[in-house]
1. Mean projection of the alpha-carbon convex hull of region 91-219 over all orientations, in nm²?
2. Please state the charge dipole magnitude for the chain, taken about the Cα centre, from unit charges on C-beta atoms (+1 on K and R, -1 on D and E), reported in debye and rounded to the nearest 20.
3. Could you please report the charge total around residue 217, scoring K, R as +1 and D, E as -1 over all other residues with beta-carbon less than 12 angstrom from its beta-carbon?
4. Given R₀ = 25 Å, FRET efficiency for residue 49-residue 104 by Cβ-Cβ distance, to 0.05?
5. Output the peptides 91-98, 232-239, 78-85 sorted from most to least packed, where packing is the average of other Cβ atoms within 10 Å over each peptide's residues.
6. To check my understanding: the extent here is largest minus smallest coordinate of the Cα atoms along each principal axis. What are those three numbers for region 25-102, in Å, largest first?
7. Just round it to a whole percent: the fraction of Cα-Cα distances in the chain exceeding 22 Å.
8. Rounded to the nearest 10 degrees, what's the angle between the helix 155-178 long axis and the longest principal axis of the chain, both from Cα atoms, 0 to 90?
Amino acid sequence: MRTTTEALTVPAPPGGTRTGGLAALLVLADGRFPAGGHAHSGGAEAAVEAGRITDGRTLEEFCRGRLHTAGLTAAALAAAAAAGLDPLALDDAADARTPVPALRATARRLGRQMMRAARAAWPSDALDALAAARPRGAHQPVVLGLAARSAGLRPLDAAYAAVHESVSGPATAAVRLLSLDPFDATSVLARLAPELDAVALHACEAAARAAVEGEDALPAAAAPLLDITAEHHATWPVRLFAS
């Protein structure tokens with residue numbers, strides 16, 4: 001029988017030594033963390049308008065596609081920032097991986113808001129330095145990774161937060177846009193859980209390579225339809241979500 005101390009000890013899996021607690025990860029990944037994500041649909045609003053998301057099945061298809069493209073790229077950037085790679089170089093790499101102005105503006109807007117929340121929750125010199133160097137906002141995945149590092153979390157934790165966000169945002173938006181049953185949306189996320197695990201691990205492996213080979217080793221998975229619809233969505237005079 002384990003002692004109470006043993007039962008509360010979480011062994012660190014591959015991907016780095018855990019210095020922070022799981023509670024910090026729960027705070028970072030919580031939808032109530034004031035990082036501004038509630039105002040963004042991750043492309044779901046445009047997909048609903050175009051008829052590509054109509055129910056739980058099509059929502060799952062959308063989230064799966066987003067996870068393996070934008071989600072993977074964001075998770076690798078976050079893991080690399082959490083691993084201690086140069087955040088300014090990572091921000092430039094994020095810019096290169098975000099080809100359309102609408103998504104670059106969204107990423108920096110979300111980065112500014114996450115920076116405010118992260119500096120309040122886990123003050124650090126690294127966050128202060130990035131905020132000073134990027135007053136208009138760094139890309140959100142880079143800030144997310146640096147926040148995880150400031151909270152004492154591992155690169156894998158940052159990757160998990162990023163992939164979770166990549167699918168939970170659109171799922172939540174679909175509930176509001178379609179009056180979709182929240183149980184159906186949650187079941188979509190549950191079915192995608194094994195793929196989230198795989199993408200988070202892939203992102204961490206890429207971040208480890210980037211530490212040796214440079215930022216070019218990070219994924220640059222493309223989602224052209226998301227890019228096109230993001231530019232179109234930005235022109236709408238009336239919309240429920242900012243992106």
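Laboratory data are not the source of any read-out in this text; all were calculated from the coordinates shown. From a predicted model like this one, the values you see are computed outputs, not experimental measurements. Neighbour counts are summed over all protein chains in view; Cβ atoms, including those assigned to glycine, are modelled from backbone coordinates with ideal geometry.
1. The directionally averaged projection comes out at 8.8 nm².
2. Dipole of the chain, to the nearest 20 debye: 520 debye.
3. Cβ neighbours under 12 Å give a net charge of -3.
4. 0.70
5. Ranking, from highest mean packing down: 78-85, 91-98, 232-239.
6. Largest to smallest, the principal-axis extents are 41, 30, 20 Å.
7. Across the chain, Cα pairs with separations above 22 Å total 51 percent.
8. 20
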